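Novice: A single structure is presented below for examination.
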Amino acid sequence: MEVARERGIARGRDFDAAGVPRVYLQRLRDEGVLQQVGRGLYKLAGAEVATATSLAEATRLQPKGVVGLLSALQFHNLTTQNPHAVWMLLGPRDWAPTNPSVALRIVRASGDAQTAGIETHVIDGVPVRITSPEKTVADCFKYRNKIGLDVAIEALRDLMKSRTSRSNLDELWRYAEIDRVQRVIRPYIEAIIG
């Protein structure tokens with residue numbers, strides 16, 4: 001129980017590392033002490049559930065992944081969209097989970113496009129890496145063919161409305177440069193700023 005309390009959402013291998021046999025996990029689950037939230041994922045029954053629990057579950061399935069695009073927009077309250085899957089950025093050779101307990105949409109990225117602009121937030125006791133609001137908007141323009149240009153424009157509008165300082169615009173421009181979408185995003189920024 002200490003492992004589940006410490007980790008929030010614990011993987012089977014976390015219990016193995018603590019010397020807890022898997023048979024105990026099944027017994028604790030059957031007794032209602034642990035709740036199995038996915039294949040190989042457990043949390044304490046009755047534990048407080050955050051609205052972003054699926055982001056924590058996805059991170060436990062693939063710790064190298066970074067939550068981004070529509071899922072990051074929803075986390076930062078920059079969209080009215082409600083994604084049906086957790087959007088996750090993975091490196092070109094990173095393993096993508098097969099048959100995960102949480103629906104995942106995997107987008108491949110490399111270099112600075114994968115590593116820049118990452119914030120860590122604790123959700124259900126799990127440290128979850130999520131792209132910053134400015135990086136997320138730049139990524140939306142980069143992957144506009146996957147999510148739709150209208151979603152990217154809506155996210156840009158919401159970002160500019162909620163964050164009016166010049167430094168945030170500078171951050172957005174820096175991530176647009178990393179994602180190589182300056183020419184695409186410039187007319188929309190000029191139209192919104194006026």
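Derivation of every value follows stated rules applied to the coordinates shown; laboratory data play no part. Remember, it's a predicted structure, so these values are computed and weren't measured experimentally. Neighbour counts run over all protein chains shown; Cβ positions are idealised from the backbone, glycine included.
Novice: How about the stretch 1-73: which helices (runs of 4 or more DSSP H) wholly inside it have at least 2 residues that are touching a Pro at 6+ places or on another chain (Cβ under 9 Å)? So that I can check it myself, show each step before the final result.
Specialist: Working: elements: 2-7, 12-17, 22-30, 53-61.
The qualifying helices (runs of 4 or more DSSP H) are 53-61.
Novice: Could you tell me whether residue 136 is outside any loop (DSSP other than H, G, I, E, B), crowded, with 18+ Cβ neighbours inside 10 Å and within 17 Å of the chain's Cα centre (by Cα)?
Specialist: Taking the combined requirement at face value, the residue satisfies it.
Novice: Test residue 85 against the criterion of being surrounded by 12 or more Cβ atoms within 10 Å (Cβ to Cβ), at negative phi and out of contact with any Phe, Trp or Tyr (no Cβ under 6 Å at 6 or more places or on another chain), and give yes or no.
Specialist: yes
Novice: Just to be sure, is residue 120 β-branched (Val, Ile, Thr), in a strand (DSSP E or B) and either more than 25 Å from residue 40 (Cα to Cα) or free of Cβ contacts under 8 Å to residues at least 24 places away in the same chain (or both)?
Specialist: Yes: the conditions hold for residue 120.
Novice: Pick out the one residue from 151, 184 that is surrounded by 13 or more Cβ atoms within 10 Å (Cβ to Cβ), touching a residue at least 40 places away in the same chain (Cβ under 8 Å), part of a helix (DSSP H, G or I) and under 23 Å from the mean Cα position of the chain (by Cα).
Specialist: On the way: 184 fails: under 23 Å from the mean Cα position of the chain (by Cα).
Matching residue, one of 151, 184: 151.
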